[in-house]
Amino acid sequence: MSGLLPDSLRGRWYNSPAFNPDDPWAGFAPHRTAVVLVDLINWQAHPDGFSSRTASGDYKTTRCADVVVPALSRVLPAARTAGAAIVHSRLASRAADYADIVPALREYVRAAGALEGRWAAEPLDGLHEPGDLLVTKSGSGAFGSSDLDQVLRNLGVRTVLYAGVVTDRCVLLTAAGGFDLGYEQYLLTDCTAATTAADQASAERLVSGYLARPATAAEAAGAFETS
């Protein structure tokens, strides 16, 4: 990576003021960090949820059960212990007629019954604990369709680690929004799921190009435990 960067960019890549191509966690400060879980909620990622009944849902929900949730079972406790914020960003409606959802997604969210307060909109079992924060988004990217940026800035967060679904859609667009807002970012590759293995690989390549530095759950947990 360092050989691809001009000298003028090497100090700020991935919005990191301490970017070091040889040390992915240089300057990492857990108390100024949030783990943002994008749409790891029942209708999107549970085997009994609406998404699992669509043509593209099987790979995603299976990966969530077999890879994502087990990986997060190490990251989240380490993050909480280190003083990081855990934020659940959920595509769901606050309006009974779903009028607050962006038009392209409205009927999809309606079909899922994803209303605030219903099972469909709740985080997957085992991911949420008291003290975690919830934000409700009305579109794909969490920064553009929820108060996520305000919540993070109120907490003094400057670094965001992303987990969630769908990697090449809502996770990608959230990471793109966060990049333009100046957050230092990491993509937890084994804590994300797309609808196919090929889409997962493509999304990881796109996001890690410059939006967010790729990392595994084990690497992130280790950074929380040693910083």
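Grab the Cα-Cα distance for ASN154 and ASP180, subtract it from 0.36 nm times how many residues apart they are, and report the gain in nm with one decimal.
7.6 nm
How far apart, in nm, are the 7 Å Cα→Cβ label points at ALA198 and ASN20?
Here the answer is 4.0 nm between the modelled labels.
Could I have the simple spin-label model distance between LEU133 and THR226, label points 7 Å from Cα toward Cβ, reported in nm to one decimal?
Using points 7 Å along Cα→Cβ, the separation is 2.8 nm.
Looking at PRO77, VAL35, PHE50, which one has the Cα that reaches farthest to the positive end of the dipole of segment 11-79 (charges on Cβ: Lys, Arg +1; Asp, Glu -1)?
Highest projection toward the positive end goes to VAL35.
Set Lys and Arg Cβ to +1 and Asp and Glu Cβ to -1, take the dipole of the chain about its Cα centre, and tell me which of LEU173, ALA112, ALA99 lies farthest positive.
Of the options given, the answer is ALA99.
Quote to one decimal, in nm, the extra length available between ASP58 and ASP147 on full extension: 0.36 nm per residue of separation minus the C-alpha distance between them. Before the final figure, lay out each step's value.
Numbers: separation 89, 0.36 × 89 = 32.04 nm, distance 3.06 nm.
Difference between extended and current length: 29.0 nm.
For the chain, modelled as a GNM with alpha-carbon contacts under 10 angstrom, which of THR189, THR81, THR174 fluctuates the most?
Evaluated over the chain, the most mobile residue of the options is THR81.
In degrees, nearest 10, range 0 to 90: what is the angle between the Cα axis of helix 103-112 and the longest Cα principal axis of the chain?
Roughly 60 degrees between the two axes.
How high is the relative contact order of the chain, in percent, with contacts defined as C-alpha pairs under 8 Å that are six or more residues apart?
Working: 430 pairs, mean separation 59.5, N = 227.
Worked out over the chain, it gives 26 percent.
What's the magnitude of the charge dipole for segment 12-130 around its Cα centre, counting Lys and Arg as +1 and Asp and Glu as -1 at the beta-carbon? Answer in Debye, nearest 20.
Numbers: 12 positive and 13 negative charges, 34 e Å.
With Lys and Arg at +1 and Asp and Glu at -1, about 160 debye.
So what does log10 I(q)/I(0) come out to for the chain at q = 0.10, 0.11, 0.12 Å⁻¹, using the Debye formula with one equal point on every Cα and no solvent?
Calculated log10 I(q)/I(0) at the listed q: -0.41, -0.50, -0.59.
Summarise the accessible area of the chain (1.4 Å probe, protein heavy atoms) by the percent that is carbon and sulfur.
On the way: 5100 of 9620 Å².
After summing per-atom areas, the C and S share lands at 53 percent.
Can you tell which of THR159, THR216, THR61 shows the greatest fluctuation in a Gaussian network model of the chain with Cα springs below 10 Å?
Looking only at THR159, THR216, THR61, the largest GNM fluctuation is found for THR216.
Using a 1.4 Å probe, what is the accessible area per residue for segment 117-193, in Å²?
Values: 2820 Å² over 77 residues.
Solvent-accessible surface per residue comes out at 37 Å².
Using only Cα atoms, tell me the angle between helix 217-226 and the longest principal axis of the chain; keep it within 0 to 90° and round to the nearest 10.
In the chain, helix 217-226 runs at an angle near 60 degrees to the longest axis.
Would you mind computing, in nm to one decimal, how far apart the modelled labels at TYR108 and THR216 are, each placed 7 Å from Cα along Cα→Cβ?
So the label points at TYR108 and THR216 sit 3.1 nm apart.
Just to confirm a number: summing +1 for Lys and Arg and -1 for Asp and Glu over residues other than ARG205 whose beta-carbon lies under 14 angstrom from that of ARG205, what do you get?
Numbers: positive: ARG213; negative: ASP168, ASP199, GLU204.
That works out to -2.
Quick one: angle between helix 69-82 and the longest Cα principal axis of the chain, in degrees between 0 and 90, rounded to 10, please.
Relative to the chain, helix 69-82 is tipped by roughly 60 degrees.
Please list, in order along segment 208-216, the HN-Hα scalar couplings obtained from phi with the Karplus expression 6.51 cos²θ - 1.76 cosθ + 1.60 (θ = phi - 60°), rounded to whole Hz, x for Gly and Pro.
Result, rounded to whole Hz: 6, x, 6, 6, 8, 6, x, 7, 8.
Please give me the summed charge of the neighbours of GLY49: other residues whose Cβ is under 13 Å from its Cβ, Lys and Arg +1, Asp and Glu -1.
Numbers: positive: ARG53, LYS60, ARG90, ARG118; negative: ASP39, ASP48, ASP58, GLU122, ASP125.
Within the 13 Å Cβ shell, the charges total -1.
Which of rounded, prolate or oblate describes segment 100-206 when judged by the alpha-carbon gyration tensor and an a/c cut-off of 1.5?
rounded
Considering amide H positions built from the backbone, and no H for Pro or chain starts, which residues 5 or more places from VAL135, or on another chain, come under 5 Å of its amide H?
HIS88, SER89, ARG90
Restricting attention to the alpha-carbon atoms of segment 67-159, what are Rg (one decimal) and Dmax (integer), both in Å?
14.4, 41
The values are calculated or read from the model by the stated rules, or taken from the named source; none is laboratory data. All values reported here derive from a predicted model rather than from experimental measurement. Ideal geometry is used to build each Cβ from the backbone, glycine not excepted, and the neighbour counts take in all protein chains shown. The protein model used for the area step is the full one, side chains on, heavy atoms only, and it has no ligands, DNA or RNA in it. Shrake-Rupley method; radii C 1.70, N 1.55, O 1.52, S 1.80 Å.
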